[in-house]
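Chemist: Pasting a structure here, questions to come.
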Amino acid sequence: MAGAAAVLFAGAFHPALAADGNASISLDDQATAQSNFARDRNVSVTARPRPDYQAAGIRTGSFLLFPKLTTTVESNDNIFAQKSTTTSDTVWHVQPDVTLSSDWNRHALSLFARGSLNRYSKHDSENTDDYSLGANGRIDVARDSAINGGVSYGRYTEPRTSPDSATGANEATRYDLTSGNISAFKEFNRLKLTGRFGADKYNYDDVASKTGKIDQDYRDRVESAISGRADYAVSPDTALFIEVIGNRRDYRLDKPAVSLTRDSEGVNVFGGANFELSALLRGEIGLGYMKQDYKDSTVKDVDGFGARAQVEWFPSELTTVTVVGSRSIKDSAALKVASYIANTASIRVDHELLRNVLLSANIGTGKDEYQGSTREDKVTSAGLRGTYLVNRNVGLTAGYAYEKRTTSGLVADRGAAYEVNKVSAGLTLQF
């Protein structure tokens, strides 16, 4: 399976099971070498194929089965993400992962099942079992067009560090996520058209507290989005695009069952460029306008400048520097606040010390501006990770992660502040 070693590098260290319900085969993967939209002069360190270290898989007819098991031990100095009274513990993560992928010349189908069993040495109230399963597929209509789709279901745990984590809860919040998406693209020489529809259904469990149960039903919702995009290649290296994304967020509970109705409709309009400047720089930058209108007249509508960007710089074949940033409108779980504007930026450096020794460092920052409130949260994160690929079946990882959140505003508006340090070591077996 191409890129299996890269998957090991990118995923083995992370103990949390990602809630990526809308994950699907990337549209960019469909660009061919003759396409005006191919951006393949270079390959990032994490995506580079390593034939001697990638899993061979187990052939089952026209499919390949890829089983993987990752075990990680983590030392966490603030498991409840508290500001003053911190509690440390050792956490064990066991992550089984099975993927069944087609080996066809045309079209593609992939089925997956993943789990994350998390056990705390001293605080078993934090123990969780997460899992997800789903399928992704692609129908190749022609050389320059394809239809992609995916469905998934997962049972997840919201991290204690989440800004939406319930205050005063004795346990982390659990939720179910059901997702589906379909997309298609078509190239007309210099013009590429893309369309996509996706929907996510969230269902949250109530959580226990010292005084009883904390109701989380007000967070249950269905989020859907439909988008259309047009790219025009001004050269084989650069394409200008415009994209319109409409969304709808439908919550299960309305007034008077809750203090405010959170239903809303929104639109994002982005314009920008997708580019690859020689073999040194590639990426996409989009700037535009975002707006979210709320059904509840007591909730102020939000609009303003929106942005997203991802740029990769290749100072050498052995080093990749990735810069990512965004500005978007997010729903808030605060009882009296419906939304916040999330501003994020990060930089990551991946380096191939040896063919089978990979190093990574990252730093990020974020600011969440809560609308209709004085609350403002700032987040700083940083991390280091090393991966040693022993052979195609065994990999070792070790790393350090840091995160700090500060919150300001009126005392009644403030969220939870914390500082967390994590040191981890992991072993991955794959076949």
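Chemist: Quick one: 3J(HN,Hα) in Hz for segment 48-63, Karplus 6.51/-1.76/1.60 with θ = phi - 60°, rounded, Gly and Pro as x.
Modeler: 5, x, 10, x, 6, 10, 9, 4, 7, x, 10, 6, 10, x, 8, 10
Chemist: What length, rounded to one decimal in nm, is gained on full extension from Ile139 through to Val390, with 0.36 nm per residue of separation minus their alpha-carbon distance?
Modeler: Numbers: separation 251, 0.36 × 251 = 90.36 nm, distance 3.63 nm.
Contour length minus Cα-Cα distance gives 86.7 nm.
Chemist: Quick check: net charge around Leu389, other residues with Cβ under 15 Å of its Cβ, Lys/Arg +1 and Asp/Glu -1?
Modeler: On the way: positive: Arg48, Arg50, Lys68, Arg355, Arg385, Arg392; negative: Asp52, Asp350, Glu352.
Once positives and negatives cancel, what remains is +3.
Chemist: Size of segment 4-430 along its principal axes in angstrom, Cα-based, largest extent first?
Modeler: Dimensions of segment 4-430 along the principal axes of its Cα atoms: 61, 48, 42 Å.
Chemist: What's the extension gain from Ala230 to Leu65 if we count 0.36 nm per residue and subtract their Cα-Cα distance?
Modeler: Numbers: separation 165, 0.36 × 165 = 59.40 nm, distance 3.66 nm.
Gain in length upon complete extension: 55.7 nm.
Chemist: For Ser278 and Asp215, FRET efficiency with R0 = 45 Å and r from the beta-carbon atoms, rounded to 0.05? Intermediate values should be presented prior to the final figure.
Modeler: On the way: r = 56 Å, r/R0 = 1.24.
It comes out at approximately 0.20.
Chemist: For Cα pairs less than 8 Å apart in space and 6+ apart in sequence, what is the mean separation divided by the residue count of the chain, i.e. the relative contact order in percent? Write down the numbers at each step before the final one.
Modeler: Values: 1210 pairs, mean separation 60.4, N = 431.
Here the relative contact order equals 14 percent.
Chemist: Further, regarding this structure: Run the quick spin-label model on Val269 and Asn170: label points 7 Å from Cα toward the beta carbon, then report their separation in nm to one decimal.
Modeler: Distance between label points: 5.2 nm.
Chemist: In the chain, if the dipole is taken from +1 on Lys/Arg beta carbons and -1 on Asp/Glu beta carbons about the Cα centre, which of Asn118, Leu410, Ala309 is farthest to the positive end?
Modeler: Projecting each Cα onto the dipole axis, the largest value belongs to Ala309.
Chemist: Let me ask another. Report the local net charge at Ser121: Lys and Arg +1, Asp and Glu -1, summed over other residues whose C-beta lies under 11 Å from its C-beta.
Modeler: On the way: positive: Arg119, Lys122; negative: Glu74, Asp89, Asp124, Glu126.
Neighbourhood net charge equals -2.
Chemist: In segment 31-113, which chymotrypsin sites (Phe, Trp or Tyr not before Pro) are in a loop and have at most 14 other Cβ atoms within 10 Å, using DSSP for the loop call?
Modeler: When the chymotrypsin sites (Phe, Trp or Tyr not before Pro) of segment 31-113 are filtered for loop state and at most 14 Cβ neighbours within 10 Å, Trp104 remain.
Chemist: Starting from 0.36 nm per residue, how many nanometres of slack lie between Ser326 and Lys367 once their C-alpha separation is accounted for? Kindly include the intermediate steps, with their values, before the conclusion.
Modeler: Working: separation 41, 0.36 × 41 = 14.76 nm, distance 1.08 nm.
Extra length available between Ser326 and Lys367 comes to 13.7 nm.
Chemist: Here is a further query. Counting other C-beta atoms within 10 Å, and keeping those with at most 10, which DSSP coil trypsin sites (Lys or Arg not before Pro) do you find in segment 143-215?
Modeler: Numbers: sites: Arg143, Arg155, Arg160, Arg174, Lys186, Arg190, Lys192, Arg196, Lys201, Lys210, Lys213; in loops: Arg143, Arg160, Arg190, Lys210.
For trypsin sites (Lys or Arg not before Pro) across segment 143-215 that sit outside H, G, I, E and B with at most 10 neighbouring Cβ atoms in 10 Å, the list reads Lys210.
Chemist: Could you compute the FRET efficiency for Val311 and Ala412, with r as their C-beta to C-beta distance and R0 at 35 Å, rounded to 0.05? Please report the intermediate quantities before stating the final value.
Modeler: Working: r = 40 Å, r/R0 = 1.15.
Result of the calculation: an efficiency of 0.30.
Chemist: Using just the helices of the chain, give the 222 nm mean residue ellipticity in deg cm²/dmol: DSSP H runs with n ≥ 4 each add -39,500 (n - 2.57), and the total is spread over all residues, rounded to 500. Don't skip to the end; give the middle numbers.
Modeler: Details: 1 runs with 8 residues, N = 431.
Value at 222 nm, helices only: -500 deg cm²/dmol.
Chemist: Test of the criteria: in segment 337-380, which trypsin sites (Lys or Arg not before Pro) are in a DSSP loop and have at most 16 other Cβ atoms within 10 angstrom of their Cβ? Each step should come with its number before you reach the end.
Modeler: Details: sites: Arg348, Arg355, Lys367, Arg375, Lys378; in loops: Arg355, Arg375.
In loop regions of segment 337-380 (DSSP not H, G, I, E or B), the sparsely surrounded trypsin sites (Lys or Arg not before Pro) are Arg355.
Chemist: Taking R0 as 35 Å, what's the FRET efficiency between Ala398 and Asp237 from their Cβ-Cβ distance, rounded to 0.05?
Modeler: For R0 = 35 Å, the calculated efficiency reads 0.35.
We did not get these values from a lab; they are worked out from the coordinates using the rules stated. Every value quoted in this text rests on a predicted model; they were computed, and no experiment measured them. As a convention, Cβ positions derive from the backbone with ideal geometry for all residues, glycine included, and neighbour counts pool all protein chains shown.
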